[in-house]
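One structure is given here, and the rest of the page talks about it.
The values are calculated or read from the model by the stated rules, or taken from the named source; none is laboratory data. Only a predicted model underlies this, so the values are computations on that prediction, with no experimental measurement involved. Note that we place each Cβ from the backbone using ideal geometry, even for glycine, and neighbour counts take in every protein chain shown. Ligands, DNA and RNA are excluded from the accessible area calculation, which covers all protein heavy atoms including side chains. Shrake-Rupley method; radii C 1.70, N 1.55, O 1.52, S 1.80 Å.
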Amino acid sequence: MADAQYALVRFQEAGDSKSRAGLLAGGRVLPLDGDINSLIEHWDTTEAQLDALAASAGEGTGFAAADVEILAPVEPAQILQTGANYRKHVIDLAVAHREPGEDAEEVRAATAAMMDKRAGQGTPYFFIGLPTAVASATDDLTLPSYSKSHDWELELAAVIGKTAFRVSPEEALDYVFGYTMVNDITTREYVFRKDMPAIGSDWYRAKNAPGFLPTGPLLVPAKFFGDPQDVQVTLKLNGKAMQDESTSDMIFGVAKLVSEASQIMPLRPGDLVLTGSPAGNGQHWGRLLQDGDVMEGTITGLGTQLIHCKDEAPTESSKP
């Protein structure tokens, strides 16, 4: 992990509803011209300017970070989410959902062998998220009243830097601008449609409520981030660590994910590719999100998310 000399953010000044892109260095937020996606897309011409700007950051420049509201650092047009991409997570799920009478260790060993085979011969499992679910790293999370099965899934996310279409794994990281952190909130009871089991997963209802993608606070350029397969993903619930795993446990690494995603659809500057969540979500612990919960999420080098949960007041129209 390299020392991040600066990160990109989006922010608002107090009393101003206009969002702006900024450079965060030395505790100061320096305003930038243009929106975040334009800065990402034109990185080849803006990088040297931002390097110089960061070097000049100090007392009296820009704003103190504590004096502005930090927003989600990205505005993606497209969001690709990845399912079942951590080896230990998948094995734990298989053991938890084994048939009555099945031996836990036998299921664990068989699933481990399947995951090893999948890593060598298989392909990632993607689904599509909606940008309207994106929230900041400190926005309160309203737990919709139509369910009590809302869960956490902290994830590393790659931010695309230039249009990637049918790129190889070997060149895929050249198309990654940088990295941010996303908590991919999921309503567990809506993942599978009981009324239409043959169709399979219903990711639209399970993952796209307002605020279900707390993102940021930082967007760290790849040149400062180092190896994306060697950072720690940690989520604490009310101070207790629930997820604490290295990204080295991914079945498919970031390069493979970006490459495979680009085989079907062009990835554009600013798009998000989520990389899956490690073991330790609420379903594993038998403890889902409740009113008053506080989630603290950290990924090495990407700052801290602090999300307070609150129940939605039920109304006649709140059930989807």
Trypsin sites (Lys or Arg not before Pro) lying in DSSP loop within segment 91-162, provided at most 10 other Cβ fall within 10 Å = none
ask   = To the nearest 10 degrees, how steep is helix 43-56 against the longest Cα principal axis of the chain, on a 0 to 90 scale?
value = 70
inquiry  = Compute a Gaussian network model of the chain, connecting alpha carbons closer than 10 Å, and tell me which residue from 246, 136, 201 fluctuates the most.
reply    = 201
note = Under Stokes-Einstein, segment 1-112 at 10 °C and 1.306 mPa s, with its Kirkwood radius over C-alpha pairs, diffuses with a coefficient in µm²/s of 90
query = Mind checking Rg over Rh on segment 185-296, alpha carbons, Kirkwood formula for Rh?
reply = 0.98
Angle between the chain longest axis and helix 87-96 axis [Cα atoms, degrees, rounded to 10] = 30
task = Give me the distance between the Cα centres of segment 77-99 and segment 268-297, rounded to whole Å.
result = 12
remark   = Flagged as over-length at 23 Å C-alpha distance, from 148/310; 88/223; 117/162; 117/194; 117/240; 88/117, the pairs are 88/223; 117/162; 117/194; 117/240
remark   = For segment 227-320, the percent of accessible surface on carbon and sulfur atoms (probe 1.4 angstrom, ligands and nucleic acids excluded) is 48
query = If you roll a 1.4 Å probe over segment 1-51 with all protein chains in place, what percent of the accessible area is carbon or sulfur?
reply = 41
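Magnitude of the Cβ-charge dipole of segment 101-176, K/R +1 and D/E -1, about the Cα centre, nearest 20 debye? Let's see the in-between values first.
On the way: 6 positive and 13 negative charges, 73 e Å.
Roughly 340 debye, rounded to the nearest 20.
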task = Give me the distance between the Cα centres of segment 1-76 and segment 174-231, rounded to whole Å.
result = 24
Accessible surface, the chain, averaged per residue in Å² (probe 1.4 Å) = 46
ask   = Dimensions of segment 72-153 along principal axes (Cα, Å, largest first)?
value = 43, 33, 19
key: Sparse-neighbourhood loop sites, trypsin sites (Lys or Arg not before Pro) in segment 1-84 - DSSP loop, at most 15 other Cβ within 10 angstrom   = 18
note = For segment 235-306, Rg(Cα) over 2.2 N^0.38 Å is 1.35
task = As a check on your grasp of the helix formula, calculate [θ] at 222 nm for the chain: sum -39500 (n - 2.57) over DSSP H runs of n ≥ 4, divide by the residue count, round to the nearest 500.
result = -6500 deg cm²/dmol
ask   = Which parts of segment 251-272 would a label at residue 77 reach, counting a residue when its backbone N lies under 17 Å from a point 7 Å out along Cα-to-Cβ?
value = 262-272
note = Quick P(r) readout (the chain; Cα-Cα; 10 Å bins; whole %) gives 6, 26, 35, 23, 8, 2, 0
query = Cβ under 11 Å from residue 143's Cβ, residue 143 left aside: what net charge do those residues give with Lys, Arg +1 and Asp, Glu -1?
reply = -4
Viscosity 1.002 mPa s, 20 °C: Kirkwood-radius Stokes-Einstein D of segment 175-243 over Cα pairs, µm²/s = 144
key: Candidate lysines - alpha carbon under 16 Å from residue 236, same-chain residues fewer than 8 apart omitted   = none
query = What percentage of all Cα-Cα pairs in segment 54-195 are separated by more than 25 Å?
reply = 50
